[in-house]
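Comments concern the structure below.
The values are calculated or read from the model by the stated rules, or taken from the named source; none is laboratory data. Since we're looking at a predicted model, the values are computed, not measured. So basically every Cβ, Gly included, is an ideal-geometry build from the backbone, and we count neighbours across all protein chains shown. All accessible areas refer to the heavy atoms of the entire protein, side chains included, with ligands and DNA or RNA removed. Shrake-Rupley method; radii C 1.70, N 1.55, O 1.52, S 1.80 Å.
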Amino acid sequence: MQLTPLKCITIVSERFLKKEIIELIKNSGAKGYTITDAVGEGSRGIRASEWEGKNVKIETIVSDEAAESIIKSISNEYFANYAVIVYTNEVKVVRGDKYI
Amino acid sequence: MQLTPLKCITIVSERFLKKEIIELIKNSGAKGYTITDAVGEGSRGIRASEWEGKNVKIETIVSDEAAESIIKSISNEYFANYAVIVYTNEVKVVRGDKYI
Amino acid sequence: MQLTPLKCITIVSERFLKKEIIELIKNSGAKGYTITDAVGEGSRGIRASEWEGKNVKIETIVSDEAAESIIKSISNEYFANYAVIVYTNEVKVVRGDKYI
Amino acid sequence: METVLSNFSSPVVLAFILGICSKLVKSDLEFPRPLYQSISIYLLLAIGLKGGVELSKTPFAEFFMPAIVTLLLGVVTPLTAYAILRYIGKVDISNSAGIAAHYGSVSMVTFLVAISFMEQKGLPPEGFMPTLLALLEIPGIIVALMIPLALSSKKGTLGKALHEVVTGSSIFLLIGGLIIGYIVGPVKYISIEPFFSGGFQGALFLFLLELGMVTANRIRDLKKVGVFIIFFGILVPVLHAIPAILLGAWAGLSIGGVTVFATMVASASYIAAPAAVRIALPDASPSIYLTASLGITFPFNIAFGIPLYYYLTTLIMG
Amino acid sequence: METVLSNFSSPVVLAFILGICSKLVKSDLEFPRPLYQSISIYLLLAIGLKGGVELSKTPFAEFFMPAIVTLLLGVVTPLTAYAILRYIGKVDISNSAGIAAHYGSVSMVTFLVAISFMEQKGLPPEGFMPTLLALLEIPGIIVALMIPLALSSKKGTLGKALHEVVTGSSIFLLIGGLIIGYIVGPVKYISIEPFFSGGFQGALFLFLLELGMVTANRIRDLKKVGVFIIFFGILVPVLHAIPAILLGAWAGLSIGGVTVFATMVASASYIAAPAAVRIALPDASPSIYLTASLGITFPFNIAFGIPLYYYLTTLIMG
Amino acid sequence: METVLSNFSSPVVLAFILGICSKLVKSDLEFPRPLYQSISIYLLLAIGLKGGVELSKTPFAEFFMPAIVTLLLGVVTPLTAYAILRYIGKVDISNSAGIAAHYGSVSMVTFLVAISFMEQKGLPPEGFMPTLLALLEIPGIIVALMIPLALSSKKGTLGKALHEVVTGSSIFLLIGGLIIGYIVGPVKYISIEPFFSGGFQGALFLFLLELGMVTANRIRDLKKVGVFIIFFGILVPVLHAIPAILLGAWAGLSIGGVTVFATMVASASYIAAPAAVRIALPDASPSIYLTASLGITFPFNIAFGIPLYYYLTTLIMG
Ligand SMILES: Nc1ncnc2c1ncn2[C@@H]1O[C@H](COP(=O)(O)O)[C@@H](O)[C@H]1O
Ligand SMILES: Nc1ncnc2c1ncn2[C@@H]1O[C@H](COP(=O)(O)O)[C@@H](O)[C@H]1O
Ligand SMILES: Nc1ncnc2c1ncn2[C@@H]1O[C@H](COP(=O)(O)O)[C@@H](O)[C@H]1O
Ligand code: NA
Ligand code: NA
Ligand code: NA
């Protein structure tokens, strides 16, 4: 089985940013994404959506370039005012060419 | 603390395939699995379960051989007609011998 | 973009241990965590929370030392009597110094 | 015409339209999935229970002919739908069979809206209609899925698909409710009646709000499926309703009963059938069959079909 | 015998059986967890509120003796259960204490089904029964968990377990409802009565459907627990019911009250107790205590126990 | 004083207190998010529908003046709130505008509790109050958010924030319900009335239980926000209620109507406003505006504000 090495970017943010982040990653070249509901705690205290109790965790499998572009955009747009964590991870993907 | 290097396979698919994929990974030698509800978008447009709004994300920690076998079976059975993404990831597992 | 290599620890356990594990990882130096609801199957048969149908999956991004300390504490406290799986994964984190 | 207009001031139809609007204005309204599931469970049990209680009071003779007619149409309608798709529309075998399975089966919500409609007209249908719903849900799917098997030498996923339909939660709850209602009878039913009857129309209101939201997504796909499917989704229901009206009247149903029966036959499944087709015919395209049944036929029936079938019924019966 | 049969045509018992069937036929019916949680919250508040309102009308004297008797049995039943497990069954200390905690506490749903049953018989129990439910829920768990502590020099997780029980959502909502109902009184209660009374039996119906599904999973584990536990799960409830009937009658309860009281005492917890035992006695096996309380005693009480306790009550009270 | 005490024995207020207690005793009570969402949908549709039905019976003349007065206060109250924050409290521009948006808008639950309160007093407000609620919800947010734009040359996120408010699910459901209720009218409303009226007070009871839990979390943050905000959160509502009472009475509302109207104006949004402010003014601190509206003003209004506004109304009107 042919496996393609790609980046998996994970973004956990307040629920409220979901729509915008999805748009952002699509514009950066991601071919797809997967979202799960999450709750969490971090450095930031209370936030607007907190009392609804939920974050979202967005994962997207992308090429190295797309990864860099996504990280840059998110850092610029959201790090100052919103609760967001972003990390990447090396994965091997089946039918990887679909996601580049 | 002793950590065993193993493979973590992640499969995101339409909810509808859940039962079958679980059976498939058990038959391929997985000793366990963890499932979370997810939503997502990918290359494929609409699908039967779409209007119920949910994918499933199945993760299973397995040996290299089991990993290969799972990837092969899923590729053969589902890639043609269903919405599925599969990728692997190197992890270090506590009490790893339980999962081989 | 500056990325810091850190450890991502994933703990899947019966829902029932959620509060305690969160306390444990905070005491071990984690600066945050993210939780998703999960279901799963493993080596262990039935358990008290099983009929409520849910595990939790706790992920925390930490330094290598904190990782080791978390793994040790969880192994000592829960492995004997509870359903728990723990594994680690190398990730690269944006603004990584926040999480050390 | 008047009936159509008055239909548009019915709460459930307006809820459906509100659901569509919520997508048009891009509202962030979100209908939690567990609420959707809970209302499904509630509605299916409620119609099952009420139907079972009614059935326990119905003499077998009265129920016999309508049941036979139902089964007959359950076998015939998927065949007509298939023939039209395959030979007029030139659709390939798998997709023709897949779509036919939807039109051979039945949409619970359309059925409920028809009952609401007739009750508001003061012409409630017979109490055993839910039993007919249960009888009609399965055969159409089976017949349609057997066509490609009969034509080619396909691998036997029919059994699996069949198990899926028969044990699917919708048929299970409907039949479970019927049996419980039948055993319990009118007297013991009283304790749970406020819950299952009082809230019924309101729950249906919420359900149609949600279905409006889902339908709006489907309507967006209309352009993808082509003009033939759009015509198909509107004309075939009417085509199926006509024999249903004639046979229903012949079998002795009241005006309310005939209208609801015709609506059932004219409706297309979008829950049981998709699940079964996905298993038995994985190469049939969900975009086509879901758009047809949920994006075209469902709103057509809710808005125009039901008043039309009622009008035709009164022409014939009265 | 007749009572047993008639019990099998009660809606809630049939819902329970339907739930079991859904697992037997492998239906894909899924009961969303939030619905399960919502119904729990609803039922607990509803019985609390109603009980509180009734309590505000009850003279203290009438309520005093039943309360004393309840506490007494809350202390005695875990000890008898423990003794039987440890000395007749030769079960180890932790498991004996763990199981005993379940049989010392109480199952809310069994309690509710018993009330339903007596209301259908036209013999509703006293209005303050929910207060007795609250009184009985906790002591049994505490007494049982203290046994291994008394015997060995175990580490002090009892405090944590105790906090878990007392602040657990079930006891919290029940007592919260009782207090609110008591303060609010019959007049102000009217505004929320349609919601909490009208829908009650229907919500209980849904809840038993879900419990049937859960019980079916548990029943599969029967072979794992051994024959002694199966006998235990059937005989101990009856053994506990008998003194409850005698003491309940002596304390001045009506026939309905005595039957419901006996059912409470005979029932085994499967929500509060497992949570507490999991904390205080992590080495006790959940397969055993859950299978016993949920897989054996619960269905036994629902199907046979309640009619039996009613029969015994009429024998004694006349 | 007496009114305040009697307010504390109202079911919904007690539910709110129970919710706060559940956090104080660290109960593991969990209110499932889908239940919370479902009740929101239900309450908003229910008040919309009922309001729409009432509106269809109200002569335009009767409704005209109250509507004008509502819009007027919707424009004025955010400005007074802003001025107090900026010039007395020395709060920075963003935070002043962010908080002002909350106090210019309205809290649905406070509104509902006020209606409950007046109905229990036998003085139900006019049926068109929900329309006023809808009219008041939006303008205050817009006016407040425009302040920083007018003062500085900020980037135009106001449009996005506006879209968020107008299509936000709460305003969408409220207005959707109003329109449907208006079209449907009193006769066709009957079918869905048991669901939307009968269960209303009970659903509100559950909702306040949940809000109590949320408020408890917010109250913990009180020490973070400083003494000025605490005074602000108590005094500004009263300050806003007074002109509302005068203008409401002048516009011809009944005692019930004036009290509810004053409560609306005095209340602070914690759903629509936070979402909009988060978008338009990301540097305003949620800890401050949420703590003020949800942690201070909300419980103050529920417990003391409503009886106080009622008392003031009777002083002035009668
Ligand atoms: N160290 C961490 N590990 C895992 N998730 C985290 C961590 N820190 C923050 N998060 C997640 O990111 C969200 C926002 O974090 P923050 O911006 O630090 O408030 C939190 O609610 C968590 O869900
Ligand atoms: N690039 C991607 N990154 C993360 N998840 C993806 C990606 N592409 C697809 N998925 C997930 O896999 C599901 C099926 O994808 P597809 O088969 O491409 O339609 C989607 O609904 C997503 O949940
Ligand atoms: N091999 C595995 N891969 C992924 N998740 C697992 C695996 N084994 C166990 N788990 C998860 O860990 C939980 C506890 O496992 P256990 O202690 O083996 O019963 C299970 O319910 C699963 O959610
Ligand atoms: Na049909
Ligand atoms: Na007991
Ligand atoms: Na206001």
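Tabulated data for the structure shown
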{"item": "F:L239, sole failed condition from (1) open to solvent by less than 10 Å² (accessible area, probe 1.4 Å); (2) out of contact with any Asp or Glu (no Cβ under 8 Å at 6 or more places or on another chain)", "result": "(1)"}
{"item": "Test set (1) more than 12 Å from every other protein chain (Cβ to nearest Cβ); (2) surrounded by fewer than 20 Cβ atoms within 10 Å (Cβ to Cβ) - E:L136 fails condition number", "result": "(2)"}
{"item": "Residue count, the range C:1-41 (criterion: under 22 Å from C:A80 (Cα atoms) and facing another protein chain (nearest Cβ under 7 Å))", "result": "6"}
{"item": "Test for F:I180: is it within 14 Å of chain D (Cβ to nearest Cβ) and part of a helix (DSSP H, G or I)", "result": "yes"}
{"item": "Hey, B:I74 over 30 Å from D:D221 (Cα atoms) and not small (G, A, S) or not", "result": "no"}
{"item": "Hits in the range D:218-229 - residues which are surrounded by fewer than 17 Cβ atoms within 10 Å (Cβ to Cβ) and either more than 26 Å from D:A15 (Cβ to Cβ) or modelled with pLDDT of 90 or more (or both)", "result": "D:K223, D:K224, D:G226, D:V227, D:F228"}
{"item": "Lone unmet requirement of (1) surrounded by fewer than 24 Cβ atoms within 10 Å (Cβ to Cβ); (2) closer than 28 Å to D:D221 by Cβ for D:V277", "result": "(1)"}
{"item": "Test: D:G252 is more than 16 Å from ligand 1 (Cβ to nearest atom) and outside any helix (DSSP H, G or I)", "result": "yes"}
{"item": "Filtered residue count, the range A:26-38, keeping only those that are free of Cβ contacts under 8 Å to residues at least 24 places away in the same chain and in contact with a Lys or Arg (Cβ under 6 Å, 6 or more places away or on another chain)", "result": "2"}
{"item": "Elements of type helices (runs of 4 or more DSSP H) in the range D:1-115, at least 1 residues being open to solvent by less than 20 Å² (accessible area, probe 1.4 Å) and more than 12 Å from chain F (Cβ to nearest Cβ)", "result": "D:33-55, D:60-83, D:93-104"}
{"item": "Filtered residues of the range D:23-46 (kept if touching a residue at least 24 places away in the same chain (Cβ under 8 Å) and in contact with a Gly (Cβ under 7 Å, 6 or more places away or on another chain))", "result": "D:L44, D:L45"}
{"item": "Leading residue by the ranking (surrounded by the most Cβ atoms within 10 Å (Cβ to Cβ)) among those in the range D:184-217 that are of a type in the set (G, A, S) and assigned to a helix (DSSP H, G or I)", "result": "D:G202"}
{"item": "Subset of the range C:41-67 that is at pLDDT below 70, open to solvent by 30 Å² or more (accessible area, probe 1.4 Å) and in contact with a helix residue (DSSP H, G or I) (Cβ under 9 Å, 6 or more places away or on another chain) - its residue that is nearest to ligand 4 (Cβ to nearest atom)", "result": "C:G53"}
{"item": "Of all residues in the range A:65-98 being over 15 Å from the mean Cα position of the chain (by Cα) and part of a helix (DSSP H, G or I), the one that is farthest from ligand 2 (Cβ to nearest atom)", "result": "A:D97"}
{"item": "Listing of helices (runs of 4 or more DSSP H) fully contained in the range F:265-318 that carry 3 or more residues being of a type outside the set (A, V, I, L, M)", "result": "F:286-290, F:306-317"}
{"item": "Failed item, numbered, when F:L123 is tested on (1) in a helix (DSSP H, G or I); (2) at pLDDT 95 or above", "result": "(1)"}
{"item": "Residue in the range D:155-172 that is assigned to a helix (DSSP H, G or I), in contact with a helix residue (DSSP H, G or I) (Cβ under 8 Å, 6 or more places away or on another chain), modelled with pLDDT of 90 or more and open to solvent by 20 Å² or more (accessible area, probe 1.4 Å) present", "result": "yes"}
{"item": "Pairs with Cβ under 7 Å, 6+ apart, first in the range F:288-303 and open to solvent by 10 Å² or more (accessible area, probe 1.4 Å), second of a type in the set (S, T, Y) and assigned to a helix (DSSP H, G or I)", "result": "F:P299/F:T215"}
{"item": "Which numbered condition B:A38 misses (of (1) crowded, with 19+ Cβ neighbours inside 10 Å; (2) over 11 Å from the mean Cα position of the chain (by Cα); (3) assigned to a strand (DSSP E or B); (4) at pLDDT 95 or above)", "result": "(4)"}
{"item": "Members of the range E:254-274 that are open to solvent by less than 10 Å² (accessible area, probe 1.4 Å), over 20 Å from E:S40 (Cβ atoms) and out of contact with any Pro (no Cβ under 6 Å at 6 or more places or on another chain)", "result": "E:V258, E:T259, E:F261, E:A262, E:V265"}
{"item": "E:A241 vs. criteria in a helix (DSSP H, G or I), more than 14 Å from every other protein chain (Cβ to nearest Cβ), within 24 Å of E:S170 (Cα to Cα) and more than 16 Å from ligand 2 (Cβ to nearest atom)", "result": "yes"}
